């Protein structure tokens, strides 16, 4: 559903998958500077909101997601992934438990699929799963953040609030569009599921092991791949941050090829114009691309910075037992 803030003066809709919220309100760079420096709020109400209630909820989620959730304390926010049986990322969840239910926000348009999967795994457990996107909205602010459902974010705090508060609450700071948020997110080297990943992505490739994966917990869906790559292998690709040629009057599009010496070595995820850094992007490239190589991203010259090291993985040293001479 379209956000009521799209009717605000100067509001311009964002591109898919964020078309239901504003890209900006007429002053993109001023909005970005305010979000980074003086305080602003961003309408992210196109994101899905899922609520999981019931006394078995934490134990149940712990058994399926990558994060250690059994002992999660009320109002202690965390991140988790739902993987395929092959270890590929299907959903990225930012979540918090309020003592009665777990609340999670996910990428736009994905709450239904997540709820459908969770419902299929309920069996006889005492859990209740609901897609509450129609009733609750996600808002990120670098200003005052009051409420119970508060999660950390790259620009401040993210809140899950009743949807009616979007245009009735006094946020105490100016609105900033999604362009402002995305530029700061990219500058913080924070990947976004579905934009900076594809259907083959594994957590190691985009730096989600530290934030969203607990390497010492018991079995969960996709754990075998996570453990094998972490201990014995190398992920086939790695996330990079790109400084784009500022003399070009366009940004590479999502999915544009990243090239090295005429060969395609990856794809562009997110791109934005940062108020200080200029045009920037995140891209997923082959692990063996030299870290100092100049690249072309959608035809735009790009210098790379390492986000995920080519040496990620293979954390176990195996000593071979040799027969005495």
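The values are calculated or read from the model by the stated rules, or taken from the named source; none is laboratory data. Model, not experiment: these values are computed from the prediction. Positions of Cβ are backbone-derived with ideal geometry, glycine not excepted, and every protein chain shown enters the neighbour counts.
Quick one: count up the residues across segment 49-80 that are farther than 17 Å from residue 152 by Cα and touching a strand residue (DSSP E or B) at 6+ places or on another chain (Cβ under 9 Å).
14
To keep it simple, each residue is scored yes or no on (1) in the same structural domain as residue 283 (by TED's automatic domain parsing); (2) outside any loop (DSSP other than H, G, I, E, B); (3) more than 13 Å from the chain's Cα centre (by Cα).
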residue: 169; (1), (2), (3): no, no, yes
residue: 180; (1), (2), (3): no, yes, yes
residue: 183; (1), (2), (3): no, yes, yes
residue: 194; (1), (2), (3): no, no, no
residue: 198; (1), (2), (3): no, no, no
residue: 210; (1), (2), (3): no, yes, yes
residue: 216; (1), (2), (3): no, no, yes
residue: 221; (1), (2), (3): no, no, yes
residue: 224; (1), (2), (3): no, yes, yes
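Can you tell me which of (1) surrounded by fewer than 16 Cβ atoms within 10 Å (Cβ to Cβ); (2) modelled with pLDDT of 95 or more; (3) over 17 Å from residue 202 (Cα atoms) is the one residue 71 doesn't meet?
(2)
Taking segment 37-49 only, how many residues are under 19 Å from the mean Cα position of the chain (by Cα), more than 15 Å from residue 11 (Cα to Cα) and not in a loop (DSSP other than H, G, I, E, B)?
Number of matching residues: 2.
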